[in-house]
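Every read-out reported here was derived from the displayed coordinates using simple, explicitly stated rules and does not represent laboratory data. Since the model is a prediction, treat every value here as computed from it, not as a measurement. Glycine also receives a Cβ, built like all others from the backbone with ideal geometry; neighbour counts cover every protein chain displayed.
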């Protein structure tokens, strides 16, 4: 059965011993749940999207994420990779820290050719180097936050097993607001433990090369 906002609300009410919403209203729990969903996506990069057909402009090295990726269904958390189309070839760009990128690729201010590297500066700025000498089409592999759950029947898009930690972080926020710091710590610890378990479960079966002993 699909996980919905109501699923999370019921889980939180049981953990908080508040089935009748006496201490925490449904709208308040909904806020904590959506905050928890964002947090698990930030911590684990469990929700990803491939944005295709993103065009780079000749002579432009700097791009703003929220401008160049307007179609992403949710806030971008991280850029995990960028591929560039060059003729019939799709090339994966290398990544460097901005300090290294600045030293290696920004010394010649007017030099333009096919980009080989990208880097991030802050949360919203992406640089390409060398600067594009023409319009290049790119694909962006991004980690995102989900859209907020609003209605009780809204279905969760975060995949299992990353749904399990959500209830614990939401309850941590509820107890922290109440200033029950001891109970808040218990829920925060459970969130961390279940988050690490989810990552182990998700990655355990991945075999890079089944023919390589």
I want the antiparallel fraction of DSSP beta bridges within the stretch 48-144, as a percent rounded to 5. 90
For a Förster distance of 22 Å, can you work out the FRET efficiency between the beta-carbons of residue 153 and residue 22, rounded to the nearest 0.05? 0.40
Segment residue 116-residue 185, length gained on full extension (0.36 nm per residue, minus Cα span): 20.3 nm
Given the rule -39500 (n - 2.57) for each run of at least 4 DSSP H residues, summed and divided by the residues of the chain, what is its mean residue ellipticity at 222 nm, to the nearest 500 deg cm²/dmol? -12000 deg cm²/dmol
In percent, how large is the relative contact order of the stretch 27-150, given Cα pairs closer than 8 Å and 6 or more residues apart? 43
Just one of (1) 9.9; (2) 13.8; (3) 16.0 is mean projected area of the Cα convex hull in nm² as worked out from the coordinates here. Which one is it? (3)
Rounded to the nearest 5, the percent of antiparallel DSSP beta bridges in the chain equals 90
Put a dot 7 Å past each Cα toward the Cβ at residue 177 and residue 64; how far apart are the dots in nm? 3.2
Pulled fully out, how much extra length does the chain show between residue 55 and residue 137, if you take 0.36 nm times their separation in residues and subtract their Cα-Cα distance? 29.1 nm
Taking a ≥ b ≥ c as the square roots of the eigenvalues of the Cα gyration tensor, with a/c under 1.5 meaning rounded and otherwise prolate when a/b exceeds b/c and oblate if not, the stretch 48-144 is oblate
Extension gain, residue 90 back to residue 207 (0.36 nm per residue minus Cα-Cα distance, nm): 39.7 nm
So, relative contact order of the chain in percent, Cα under 8 Å, 6 or more apart, is 30
Between residue 78 and residue 109, what is the label-point separation in nm under the 7 Å Cα-to-beta-carbon projection? 3.5
